[in-house]
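Reading through the structure tokens given below for one structure.
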Amino acid sequence: MTGEWLDIGWIDEIPLRGSRVVQVDGGDDIALFRTGDGQVFALRDRCPHQHGRLSQGIVHGATVTCPLHNWRIALSSGEAQGEDRGCTPTVPVKLSGGRVLLCRASTLRAAA
């Protein structure tokens, strides 16, 4: 832990076009996603539609497709794409020396 930021691990521990789950005691898990171009995003691991685990979805471009009903969720905003409506909370992420850091306060709010 580094004050306001939680050190989650090495960026290479998140597969390209894949995800990793961070468990939060007493709340919803946070899903970390890494796009094909190496950007990292974090969202609450619940689709706004039927609460499918987004971490089990398919990452394509800057979106993830929910495994339950194929809703596409923008990784940068958590907003449903296309005709679907809804949003899942995002968590600020930063990279430092190859390490992935999550904003502590936002992680707790998103998990609540």
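Heavy-atom surface analysis with a 1.4 Å probe gives the chain a carbon and sulfur content of 47 percent of its accessible area. Here the contact order of the chain, divided by its residue count and restricted to Cα pairs under 8 Å and six or more residues apart, works out to 28 percent. As a rough guide to protection, the peptides 53-60, 3-10, 35-42 ranked by mean Cβ packing within 10 Å, highest first, stand as 53-60, 35-42, 3-10.
Figure note: Cys87, Cys66 ranked by solvent-accessible area, largest first, 1.4 Å probe, ligands and nucleic acids not counted: Cys87, Cys66.
Going through (i) 1.38; (ii) 1.54; (iii) 0.94, the figure that equals Rg/Rh (Cα atoms, Kirkwood Rh) as computed for the structure here is (iii).
If r is the Cβ-Cβ distance from Asp84 to Val21 and R0 is 22 Å, what FRET efficiency results, to the nearest 0.05? Here the calculated transfer efficiency is 0.45.
Note on surface exposure: Arg17, Arg72, Arg34, Arg104 rank Arg17, Arg72, Arg104, Arg34 by accessible area, highest first, 1.4 Å probe. Working note: Karplus 6.51/-1.76/1.60 with θ = phi - 60° gives region 88-104 the couplings 10, x, 9, 10, x, 10, 9, 10, 9, x, x, 9, 9, 10, 10, 5, 4 Hz, where Gly and Pro are set to x. Accessible surface for region 33-112, divided over its residues, is 49 Å² per residue with a 1.4 Å probe.
For region 5-14, the Karplus equation 6.51 cos²θ - 1.76 cosθ + 1.60, evaluated at θ = phi - 60°, returns couplings of 10, 9, 7, 8, x, 6, 4, 5, 7, 9 Hz by residue, with Gly and Pro reported as x.
The label point for Asp12 and the one for His69, both projected 7 Å from the Cα toward the Cβ, are 4.1 nm apart.
Judged by a Cβ-Cβ distance under 4.7 Å, the unpaired cysteines of the chain are Cys87, Cys103. Counted by Cβ distance under 9 Å from Ile30, the other residues give a net charge of -2, where Lys and Arg count +1 and Asp and Glu count -1.
The values are calculated or read from the model by the stated rules, or taken from the named source; none is laboratory data. The structure displayed is predicted, hence computed values, not measured ones. With ideal geometry, Cβ positions are generated from the backbone for all residues, glycine too; neighbour counts draw on all protein chains shown. When the accessible area is computed, the model is the full protein with side chains, heavy atoms only, and any ligands, DNA or RNA have been set aside. Shrake-Rupley method; radii C 1.70, N 1.55, O 1.52, S 1.80 Å.
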